[in-house]
Amino acid sequence: MTTTDDEIESVGPDRLAHVEALLKANDLPSHDIHDEEVTIFESRIEDRLVGIGGLELYDSVGLLRSLVIKQSYRGKGHGNRLIKALEEVAKNDEVEILFLLTISASEYFCDLGYREITRSEIPPTIRKTAEFSDLCPESAICMRKQI
């Protein structure tokens, strides 16, 4: 899938080592990226890694997760394009609502149409994910977006 100059594609299991390193370097959880429910996508420009983002899709709901744009590409719209591409992937898979957890980027996601919700508003399917139940702290802000 191509959006402007950003080429976005899913990452195979053989290429998850660099994803794990990028997540760890940005203090994001990476323990479960090898799970079959998690699909990681990467954004590249001319074979240079721009960023990564993940999806977990469960029927009509999904979890947007593991979003990182490399420092040298931040502030140039690459994150927005990656999120829009991931939303499109989810929508094409008949997902109606995306959820996410964030510690420091709630304003950014609000600008993209996500709204803060309480933990009790998260459906059980999403609450059972490793990201929600084990990896993100209780202090993480829960958000959702109808797509």
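Take D93 and decide whether it is within 16 Å of E56 (Cβ to Cβ) and in contact with a strand residue (DSSP E or B) (Cβ under 9 Å, 6 or more places away or on another chain). Can you show your working first?
Working: within 16 Å of E56 (Cβ to Cβ): yes; in contact with a strand residue (DSSP E or B) (Cβ under 9 Å, 6 or more places away or on another chain): yes.
Yes: the conditions hold for D93.
Look at G62 and say whether it is in contact (Cβ under 8 Å) with a residue 24 or more places away in the chain, surrounded by 12 or more Cβ atoms within 10 Å (Cβ to Cβ), among the small types (G, A, S) and in contact with a Leu (Cβ under 6 Å, 6 or more places away or on another chain).
Details: in contact (Cβ under 8 Å) with a residue 24 or more places away in the chain: yes; surrounded by 12 or more Cβ atoms within 10 Å (Cβ to Cβ): yes; among the small types (G, A, S): yes; in contact with a Leu (Cβ under 6 Å, 6 or more places away or on another chain): yes.
It is true that G62 is in contact (Cβ under 8 Å) with a residue 24 or more places away in the chain, surrounded by 12 or more Cβ atoms within 10 Å (Cβ to Cβ), among the small types (G, A, S) and in contact with a Leu (Cβ under 6 Å, 6 or more places away or on another chain).
Tell me the residue from I40, I33 that is at pLDDT below 90, in contact with a strand residue (DSSP E or B) (Cβ under 7 Å, 6 or more places away or on another chain) and among the hydrophobic types (A, V, I, L, M, F, W, C), please. Even if it seems obvious, please write down each step before you answer.
On the way: I40 fails: at pLDDT below 90.
Being at pLDDT below 90, in contact with a strand residue (DSSP E or B) (Cβ under 7 Å, 6 or more places away or on another chain) and among the hydrophobic types (A, V, I, L, M, F, W, C) holds for just one of I40, I33, which is I33.
Looking at L67, L86, L101, L57, which one is under 23 Å from D35 (Cβ atoms) and in contact with a Lys or Arg (Cβ under 9 Å, 6 or more places away or on another chain)? Please lay out each step first, then the result.
Values: L67 fails: in contact with a Lys or Arg (Cβ under 9 Å, 6 or more places away or on another chain); L86 fails: in contact with a Lys or Arg (Cβ under 9 Å, 6 or more places away or on another chain); L57 fails: in contact with a Lys or Arg (Cβ under 9 Å, 6 or more places away or on another chain).
Exactly one of L67, L86, L101, L57 is under 23 Å from D35 (Cβ atoms) and in contact with a Lys or Arg (Cβ under 9 Å, 6 or more places away or on another chain), namely L101.
Here is a list: S30, S43. Which entry is assigned to a loop (DSSP other than H, G, I, E, B), polar (S, T, N, Q) and under 13 Å from the mean Cα position of the chain (by Cα)?
Working: S43 fails: assigned to a loop (DSSP other than H, G, I, E, B).
After applying the criteria, what remains is S30.
One line per residue, one yes/no per condition, for (1) part of a loop (DSSP other than H, G, I, E, B); (2) modelled with pLDDT of 95 or more; (3) under 12 Å from the mean Cα position of the chain (by Cα); (4) within 17 Å of N26 (Cβ to Cβ):
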| position | (1), (2), (3), (4) |
| --- | --- |
| L57 | no, yes, yes, no |
| L63 | no, yes, yes, no |
| S66 | no, no, yes, yes |
| L82 | no, yes, yes, yes |
| E88 | no, yes, no, no |
| L98 | no, yes, yes, no |
| L101 | no, no, yes, yes |
| E107 | no, yes, no, no |
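Out of everything in the range 69-85 that is crowded, with 21+ Cβ neighbours inside 10 Å and without any contact (Cβ under 8 Å) to a residue 60 or more places away in the chain, what residue ends up being nearest to E121 (Cα to Cα)?
I83
Quick check on the range 86-107: of everything there that is of a type in the set (G, A, S) and surrounded by fewer than 21 Cβ atoms within 10 Å (Cβ to Cβ), which residue is nearest to E9 (Cα to Cα)? Let's see the steps before the verdict.
Keep residues of the range 86-107 that are of a type in the set (G, A, S), which gives 90, 104-106.
After this cut, where a residue has to be surrounded by fewer than 21 Cβ atoms within 10 Å (Cβ to Cβ) as well, the list is 104-106.
Values: S104: 26, A105: 24, S106: 25 Å.
Here the residue is A105.
The values are calculated or read from the model by the stated rules, or taken from the named source; none is laboratory data. None of these values were measured; they are calculated from a predicted model. Positions of Cβ are backbone-derived with ideal geometry, glycine not excepted, and every protein chain shown enters the neighbour counts.
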